[in-house]
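Asker: Starting off with a structure, shown below.
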Amino acid sequence: MALSSGLDAYMNSNAEKVESHDSRRMKVGIIGCGWIAEEHVKSYMRQSDVDIVALADIIPGKAAAFAERMGVKGARLYNSDRELIDAEKDIDCVSVCTYNRQHAPCAIYALDHGVNVLLEKPMCVTLEEAAEICRAEKRSGKVLSIGFQPRFDGNMKEIKRIVESGELGKIYYIQTGGGRRRGIPTPFGTSFIENETAGLGALADIGCYSLDMVLNAIGYPKPLTVTGYKSAYFGTDPNYYSAHPEYAAKFGVDDFAAAFVRLEGDIILDFRIAWAMNIDTPGDTIILGTKGGLRIPSTNCWNGFVGGPMIIYHEVGGLQVETTIPIIETKANLFDLKIRTFLDASRDGTPAPVPSSQIIYNQAILDGIARSSDLGHEVKIEIPEI
Ligand SMILES: NC(=O)c1ccc[n+]([C@@H]2O[C@H](COP(=O)([O-])OP(=O)(O)OC[C@H]3O[C@@H](n4cnc5c(N)ncnc54)[C@H](O)[C@@H]3O)[C@@H](O)[C@H]2O)c1
């Protein structure tokens, strides 16, 4: 198969590389010491040029307990992102690992104080917040990268290479999404299901990954309109939670969403995502083009892999044939690649590995689905001026 030569620079580079070639040490802070911060810290600790100098969490004692548990020695501890940013004048980078509602304020404050930001996914909750983050990034001239580590998986990169090779022809229809039969994320409390902390549910939590998998492959065309739907039949049912029926009353987001999105370039995106549903999968991801179709077996792409070997349906010499793409093994840890590429971009002042200029379109779709669902009709997506 002919492969494209026009991939993003970092996609073409040796993506397995996790070692820095620069000896200057980077000072890093962690904002939000919850579940995902552990993965950030483990990856930073595997880098030879990083000192984790500061940790912040708004829950009293949480940063200290985190430092102890993770073996982060000598880090200064703070009670909020602002305290950390105000005190650490020479910090290079922060990872923003707060719940979704605190993504925008923390990222904007750090950027406005000249700090490079690795912001966890989803970018934030609303499109207007995403625009505010992009404006802060522009004002600061600093690096802002969004935490989509599945992009570094070899199979995910292969999807992009297949599209860019021209093998599928002009893309006109995409079906994507996925989800779990039962899987509302409450192992560490309710920060994913309360409106005050999460803002959006399955739609943003795992939906953002499904969108990124296909939109990144086709070059992130601008979204134009969306008809969206979301519901919360499982999360609001006390019987759903065996150990914590009281969570039902706290559930303030969606556990299922579906949408029909028009993208620039006459492309239709058909999307559905679930934290809980009465079926095992809402289907495979399919990308239809004028010359070929790609089937990506139903995938928990948020875990950084495809659901099985991908198949291209195309014609060869007038015959309808199928080409199976073997699973590609990615040896390096995807989190290490996400952290390393962010550090390199921050140190060298090069473009962000997962740029906000793309992810604002991802956020625009999430925002459009939520708005359309609330209004009960199709809505236009207007990308704000940055
Ligand atoms: N990339 C991935 O694979 C992945 C996986 C899981 C979660 N996430 C994302 O990471 C984010 C955090 O998820 P989590 O599971 O760690 O949540 P969590 O609720 O366990 O942790 C978030 C922490 O942030 C703290 N916090 C909130 N506002 C703060 C502020 N202003 N300053 C300092 N601390 C603050 C909270 O007190 C909490 O301890 C979410 O947006 C989630 O979508 C990403």
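Asker: Report, in listed order, any pair from Lys27/Lys138; Lys27/Lys160; Lys250/Lys338; Lys338/Lys380 with a Cα-Cα distance greater than 26 Å.
Answerer: Lys27/Lys160; Lys250/Lys338; Lys338/Lys380
Asker: Another question about this same structure. Could you state the orientation-averaged shadow area of the convex hull built on the Cα atoms of the chain, in nm² to one decimal?
Answerer: Reported value for the Cα convex hull: 19.1 nm².
Asker: Still on this model: Cα-based Rg of region 208-284 per 2.2 N^0.38 Å, rounded to two decimals?
Answerer: 1.36
Asker: To continue, here is another question. Give, in nm to one decimal, the length gained when the segment between Thr236 and Tyr313 is fully stretched (0.36 nm per residue of separation minus the Cα-Cα distance).
Answerer: The span from Thr236 to Tyr313 would gain 23.6 nm if fully extended.
Asker: Rounded to a whole number, what % of the accessible area of the chain do carbon and sulfur atoms account for, probe 1.4 Å?
Answerer: 51
Asker: Another one. So how tilted is helix 207-217 from the main axis of the chain? Cα-based, degrees 0 to 90, rounded to 10.
Answerer: 60
Asker: Given q = 0.15, 0.26 Å⁻¹, what are the Debye log10 I(q)/I(0) values for region 101-170, with equal point scatterers placed on the Cα positions and solvent ignored?
Answerer: Cα-only, vacuum Debye calculation for region 101-170: -0.60, -1.01.
Asker: Right, something else. I want to make sure I understand the PRE zone here: with the label point 7 angstrom from the Cα of Asn278 toward its beta carbon, which residues in region 242-258 have backbone N atoms less than 20 Å away?
Answerer: Under 20 Å, as judged by backbone N against the label point of Asn278, lie 242, 254-258 of region 242-258.
Asker: Which of Ser43, Ser242, Ser372 moves the most in a Gaussian network model of the chain with Cα springs under 10 Å?
Answerer: So, out of Ser43, Ser242, Ser372, the one fluctuating most is Ser242.
Asker: Then there's this: With all protein chains present and a 1.4 Å probe, how do Glu128, Glu120 order by accessible area, largest first?
Answerer: Ranking Glu128, Glu120 by accessible area, largest first, yields Glu128, Glu120.
Asker: What is the magnitude of the charge dipole of region 160-275 about its Cα centre, with +1 placed on the Cβ of each Lys and Arg, -1 on the Cβ of each Asp and Glu, and no other charges, expressed in debye to the nearest 20?
Answerer: Computed charge dipole of region 160-275: roughly 260 debye.
Asker: Just in region 329-366: which trypsin sites (Lys or Arg not before Pro) are loop by DSSP and have at most 15 other Cβ atoms within 10 Å?
Answerer: Passing both the DSSP loop test and the Cβ count: Lys331.
Asker: How far, in nm, would the chain grow between Asn195 and Glu322 when pulled straight, counting 0.36 nm per residue and subtracting the alpha carbon separation?
Answerer: Stretched out fully, the Asn195 to Glu322 stretch lengthens by 41.2 nm.
Asker: With a cap of 10 neighbouring Cβ atoms within 10 Å, and only residues DSSP puts in a loop, list the GluC sites (Glu not before Pro) found in region 255-330.
Answerer: Sparse-neighbourhood loop GluC sites (Glu not before Pro): Glu329.
Asker: Now for a separate question. Local charge sum around Asn79 (other residues, Cβ-Cβ under 12 Å, Lys/Arg +1, Asp/Glu -1)?
Answerer: Residues close to Asn79 contribute a combined charge of -1.
Asker: Still on this model: Using the heavy atoms of the protein chains and a 1.4 angstrom probe, tell me the accessible area per residue for the chain in square angstrom.
Answerer: 42
Asker: Moving on. Collect residues whose amide H, placed 1.01 Å from N in the peptide plane, falls under 5 Å from the amide H of Cys124; neighbours closer than 5 in sequence don't count.
Answerer: So Cys124 has HN proximity to no qualifying residue.
Asker: How far is helix 35-45 tilted off the main Cα axis of the chain, in degrees rounded to 10, range 0 to 90?
Answerer: The helix 35-45 is inclined about 80 degrees to the chain.
Asker: Give the residue list of trypsin sites (Lys or Arg not before Pro) in region 38-128 that are DSSP loop and have at most 16 other beta-carbon atoms within 10 angstrom.
Answerer: Arg46, Lys73, Lys89
Asker: Testing the spin-label approximation: label points 7 Å from Cα along Cα→Cβ at His244 and Ala332. State their distance in nm.
Answerer: 3.6
Asker: As a test, work out the antiparallel percent of DSSP beta bridges whose residues both lie in the chain, rounded to the nearest 5.
Answerer: Of those bridges, close to 60 percent are antiparallel.
Asker: Can you give me the convex hull volume of the Cα atoms of region 121-209, divided per residue and expressed in Å³?
Answerer: 174
Asker: Could I have the simple spin-label model distance between Tyr229 and Ile268, label points 7 Å from Cα toward Cβ, reported in nm to one decimal?
Answerer: 1.5
The values are calculated or read from the model by the stated rules, or taken from the named source; none is laboratory data. Note that this is a predicted model, so its numbers are computed, not measured. Neighbour counts are summed over all protein chains in view; Cβ atoms, including those assigned to glycine, are modelled from backbone coordinates with ideal geometry. The area values use the complete protein model at the heavy-atom level, side chains included, leaving out ligands, DNA and RNA. Shrake-Rupley method; radii C 1.70, N 1.55, O 1.52, S 1.80 Å.
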